[in-house]
Amino acid sequence: METIERDEQASEGLTTFRLDVQLHELLRKPAVERPVSPPAPRRLEKLPDPVFPQHPELLGEDDEAEIAERQRLAREGRRRWTPPQVVRAMRGFLFPYIKSRVLPGEFHPIIAYLFTEWKCNLDCHYCWAFDNRVKGMTEETAKRAIDWLHTTTCRFFALMGGEPLLRPQFVHKVIYYGAKKGFFVYLPTNGRLMRPEVIDRIADAGVATVNLAVDAVDVKPGLPKALKPIRSYFEYLVRKQYRYGYTVFFNMNICRTNLDDIRELTEIAHDHGIATDYHINESPMLEQPHFKHLDDNDTFIRPEDWPKVDELLDWLIEKNRSGYKMVNSVKRLNDMKAFMRGTVEPWNCRAGQNSLIIRVDGTLAPCFPLYSATYDWGTIENHKFDVRQLSEMKKSCEKHCFSTLNHNLGYCYNDARVIRWVAKQAQRRFQGVTGSFD
């Protein structure tokens, strides 16, 4: 019940984080006591200017035959993937996984989260993951980060924020450079700045997946990430995925105020043939001085909400088992019930070993919840991840963390599951499967 008690204390203004106090003090030591190494100075480097369009034949609207084919595939829950697109996915996930299993050492990143922004154009009341005083990543840092990742096992990076599309020209450059280097590039966005001309540029540059974050059908108090204001952008994004070969999925945060919206958005996603991903709302793990919605936050789930959230999770599990495409496993959805009651079982966190984050200034951290930690894990080109330190830290922080990103990685970091999943894909000729990674 420790997590619940911390959340209740937070609502009363007694504490502002969920992590154990001793570990929190270690990770948030003042910078003068535990300095963070800045990236080494060097000659200014810039990202190359993207060629656009690389594929002029993909611009423009679909003809009637394309629309009919797309609708048929969506009804059947299928896509047609070309051999190069299948290889791109395998190069992004399967090959790095195999390398991480056979190469010596402990640091073999599979997934990197490149925080190009720490600013956002929206203010979701549950979200502490932005600070509009912080400058975005420079071109030099982005290029050096991608070049450094390329020297490791990693061939997948996600642009993160804040809202990455605050600088669409910069994002275009990052995606273009990353795709040319052979990376599977993933873009999360709230969609407000995702105009059709932006979609065409990032798609032409080689984006592989677009994570569209929506929490409600229409704007609600404290939940501005809604589908209605971006509906035309969404429809265009979904249409164009079949031409360019990227995927789209909804990313939703389950709050006490949007349970019916989650159901409706799930059905909308299913009707459009796209996947869904779910988070359970949680307060910050570390103290976030810039977060202004900690007290009296209507989005935080309370004990009296548990039965309704349980009912929603059971509904999602039923949909998952019936073939709805979901990023979350059935086990993951079930575990959300225990987490909101303050219980988290050990879950094989791989942060700092097979995943990492790169902050806007080029410094490193093992995971997103520890973005604000001042502990020195090094910088691009000079990581300082130590398995002993990480393992000792995770004895405590794993008990408080329900990071969807790293939990999915930990769940998938299992040879038997990977073999079953690859076999399942092979049976469908690598044209996609329904359900989730189970």
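Data overview
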{"quantity": "Hull-based mean projected area of segment 282-410, where the convex hull spans the alpha carbons, in square nanometres", "calculated": "9.4 nm²"}
{"quantity": "Least to most buried among Val174, Val86, Val248, Val210 (fewest other Cβ within 10 Å first)", "calculated": "Val86, Val248, Val210, Val174"}
{"quantity": "Average Cα contact separation per residue, segment 19-427, under 8 Å, 6 or more apart, as relative contact order %", "calculated": "21 percent"}
{"quantity": "Which listed pairs, of Lys181/Lys424; Lys181/Lys331; Lys143/Lys337; Lys143/Lys319, have C-alpha distances above 31 Å, in listed order", "calculated": "Lys181/Lys331; Lys143/Lys337; Lys143/Lys319"}
{"quantity": "Student exercise, the chain dipole from Lys, Arg, Asp, Glu Cβ charges, in Debye to nearest 20", "calculated": "1720 debye"}
{"quantity": "For the chain, calculated [θ]222 nm from helices alone, where every DSSP H run of n ≥ 4 adds -39500 (n - 2.57)", "calculated": "-11500 deg cm²/dmol"}
{"quantity": "Reachable aspartates and glutamates, given that their alpha-carbon falls under 13 Å from the alpha-carbon of Lys384 and they are not under 8 places away in the same chain", "calculated": "Glu106, Asp376"}
{"quantity": "All Cα pairs of segment 150-226, percent lying beyond 21 Å", "calculated": "30 percent"}
{"quantity": "For segment 144-190, alpha-carbon Rg and Dmax in angstrom", "calculated": "10.6, 31"}
{"quantity": "Free-standing Cys, the chain [no other Cys Cβ under 4.7 Å]", "calculated": "Cys120, Cys154, Cys255, Cys349, Cys367, Cys397, Cys401, Cys412"}
{"quantity": "Neighbour-count ranking [beta-carbon atoms within 10 angstrom, fewest first] of His55, His272, His407", "calculated": "His55, His272, His407"}
{"quantity": "Cα radius of gyration and Dmax for the chain (Å)", "calculated": "20.9, 65"}
{"quantity": "Which listed pairs, of Lys119/Lys225; Lys119/Lys173; Lys99/Lys394, have C-alpha distances above 21 Å, in listed order", "calculated": "Lys99/Lys394"}
{"quantity": "Residues Phe157, Phe130, sorted so that the one with the fewest Cβ neighbours within 10 Å comes first", "calculated": "Phe130, Phe157"}
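Just so you know, all these numbers are worked out from the coordinates, no wet-lab data involved. Here the structure is a predicted model, which is why all the values come from computation and not from measurement. All Cβ positions, glycine included, derive from the backbone under ideal geometry; neighbour counts span all protein chains shown.
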